[in-house]
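All remarks here apply to the structure that follows.
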Amino acid sequence: MDRAKWAVRPDHTRGRLHPEPESPSRSPFQRDRDRVIHSSAFRKLQYKTQVFVNHEGDFYRTRLTHSLEVAQIARSIARELGLDEDLTEALALAHDLGHPPFGHAGEDALALAMKPFGGFDHNAQSLRVVTLLESRYAAFDGLNLTWETLEGLAKHNGPVRRPPAYVAEYDARHGLELATHASAEAQVAALSDDIAYHSHDLDDGLRAGILSFADIAHLPVVGPALADARLASLDVPPTRLRHETNRRVINALINDVVQESRRRIAALDPEDAAAIRRAKKPVIAFSPPMAEANGIIKEFLYARMYRHWRQNRMHYKARKVVGELFAVLNGEPGLLPDDWRARAGEGVGTPRMASVVCDYIAGMTDRFAMDEHLRLTDISVSG
């Protein structure tokens, strides 16, 4: 594959924290991607909430299908810009590994519970998963991913001025240059996340009946896409109209990112990937008009979908489940499974205990969290 001079080169990787022999058949970034896909945390994403809790319907996106859609979009953009597709894909697939059950409601509950112990951040938890919590290898904890993949996970949203505790701890052992931008590949993965959730959250909202075509007709990008879809076939049924609209939205967002990114890269004229990291601003971005449009879409989704009364009820129940799980397990460590109790050590309410309980809960699927809550709080349910 022809790579641009500013792309990250797999033959120039900074390597892994724990040295390993190179694969004769795969690049380092292909191995990273494969390790993510084979991880326990990745499989669990199948039963973790994107917007709708898993049991609400079989056809709504989950964290797993969301991650796959992000990866597909990210590879397309990376190919257009001459970037390393495998590194981009690995980052896209790994970006949500740290999400707890029940989506942002679960994250809010864990952040509140962990406030006395340094808080909770799903991006930091993703780094924690791939460097510590996955236990698949005899020689080390985590997945031992390349420096470039870990860097992209830690700072795909930009320089990290005030790193969460675990990010700072890991950076002290294996410096990730937190004060600089991430590679162009990591920036592509981050923008692809925005493209995916804007388009598919609108799609799921229409499917659920929370939104109607009339509700979204005024939105920038979305409204014109809907009008074009209607013109393509005047008698198209609602299901196909939804899909026709969605693919036009995705296409418009991708094309804008590619064009704006090419303009920024040309202006910077970087000699290598290091120049991308040293740049004063990201090189992968939406154009200013599209960034404004995305802001309007995001505000609309928060007001009309994420804060819809049906969603509010589910978020309340999710926060209650996660909050009560944390309170019970942090107060009664003897209720933890043996392997987790061994990690927690002695003492109740210590930072170490809270961290282990947080890891245990963050790794749960929606269904397991609900079942564990029943086992711990309902005397009629056996443990």
Test result for Val322, surrounded by 13 or more Cβ atoms within 10 Å (Cβ to Cβ), β-branched (Val, Ile, Thr), in contact with a helix residue (DSSP H, G or I) (Cβ under 8 Å, 6 or more places away or on another chain) and more than 30 Å from Val8 (Cα to Cα): yes
Scan of region 193-204 for residues that are farther than 19 Å from Leu127 by Cβ and buried (at least 19 other Cβ atoms within 10 Å of the Cβ), ordered by number: Ile195, Ala196, Tyr197, His198, Ser199, His200, Asp201, Leu202, Asp203, Asp204
Ala354 being surrounded by 15 or more Cβ atoms within 10 Å (Cβ to Cβ) and closer than 15 Å to Pro116 by Cβ: yes
Selection status of Pro10, touching a Cys at 6+ places or on another chain (Cβ under 9 Å) and within 23 Å of Glu151 (Cα to Cα): no
In region 97-144, the residues that are touching a helix residue (DSSP H, G or I) at 6+ places or on another chain (Cβ under 7 Å) and of a type in the set (Gly, Ala, Ser): Gly98, Ala105, Gly106, Ala109, Ala113, Gly118, Gly119, Ala124, Ser126, Gly142
The one condition in (1) over 25 Å from the mean Cα position of the chain (by Cα); (2) under 28 Å from Ala266 (Cβ atoms); (3) of a type outside the set (Phe, Trp, Tyr); (4) not in a helix (DSSP H, G or I) that Pro224 fails to fulfil: (4)
Selection count where residues are in contact (Cβ under 8 Å) with a residue 24 or more places away in the chain, among the hydrophobic types (A, V, I, L, M, F, W, C) and in contact with a Leu (Cβ under 9 Å, 6 or more places away or on another chain), scope region 137-168: 7
Some residue of region 238-253 being small (Gly, Ala, Ser), loosely packed, with under 13 Cβ neighbours inside 10 Å and part of a helix (DSSP H, G or I): no
Residue satisfying condition, being crowded, with 24+ Cβ neighbours inside 10 Å and under 23 Å from Lys281 (Cβ atoms), within set Glu148, Glu177: Glu148
Subset of region 128-165 that is at pLDDT 95 or above, of a type outside the set (A, V, I, L, M, F, W, C) and in contact with a Gly (Cβ under 9 Å, 6 or more places away or on another chain) - its residue that is farthest from Ala7 (Cα to Cα): Glu134
First in region 345-371 and within 17 Å of Ala124 (Cβ to Cβ) and of a type in the set (Asp, Glu), second anywhere and buried (at least 22 other Cβ atoms within 10 Å of the Cβ) and at pLDDT below 90, Cβ under 7 Å, 6 or more apart: none
Candidates Val70, Val36, Val8 - the one that is modelled with pLDDT of 95 or more, farther than 30 Å from Gln311 by Cβ and in contact with a helix residue (DSSP H, G or I) (Cβ under 6 Å, 6 or more places away or on another chain): Val8
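Table: residues versus (1) free of Cβ contacts under 8 Å to residues at least 60 places away in the same chain; (2) out of contact with any Cys (no Cβ under 7 Å at 6 or more places or on another chain); (3) in a loop (DSSP other than H, G, I, E, B); (4) farther than 14 Å from Tyr302 by Cα.
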| site | (1), (2), (3), (4) |
| --- | --- |
| Tyr170 | yes, yes, no, yes |
| Thr180 | no, yes, yes, yes |
| Glu185 | no, yes, no, yes |
| Ala189 | no, yes, no, yes |
| Ser192 | no, yes, no, yes |
| Tyr197 | no, yes, no, no |
| Leu202 | no, yes, no, no |
| Arg207 | no, yes, no, yes |
| Ile210 | no, yes, yes, no |
Where Ala291 falls short, out of the listed (1) outside any helix (DSSP H, G or I); (2) under 25 Å from the mean Cα position of the chain (by Cα); (3) among the hydrophobic types (A, V, I, L, M, F, W, C): (1)
Some residue of region 300-314 being more than 24 Å from Gly205 (Cβ to Cβ), in a helix (DSSP H, G or I), of a type in the set (D, E, K, R) and out of contact with any Lys or Arg (no Cβ under 6 Å at 6 or more places or on another chain): no
Positions within region 67-87 being closer than 14 Å to Asp193 by Cα and surrounded by fewer than 23 Cβ atoms within 10 Å (Cβ to Cβ), in sequence order: Leu68, Glu69, Gln72, Arg75, Ser76
Every residue from region 212-221 that is part of a helix (DSSP H, G or I) and in contact with a helix residue (DSSP H, G or I) (Cβ under 7 Å, 6 or more places away or on another chain): Phe213, Asp215, Ile216
Hey, Ala90 crowded, with 20+ Cβ neighbours inside 10 Å, touching a Lys or Arg at 6+ places or on another chain (Cβ under 9 Å) and not assigned by TED's automatic domain parsing to the domain that holds His200 or not: yes
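The values are calculated or read from the model by the stated rules, or taken from the named source; none is laboratory data. Not measured: the values here are computed from a predicted model. No Cβ is skipped: glycine too gets one built from the backbone with ideal geometry, and neighbour counts run over all protein chains shown.
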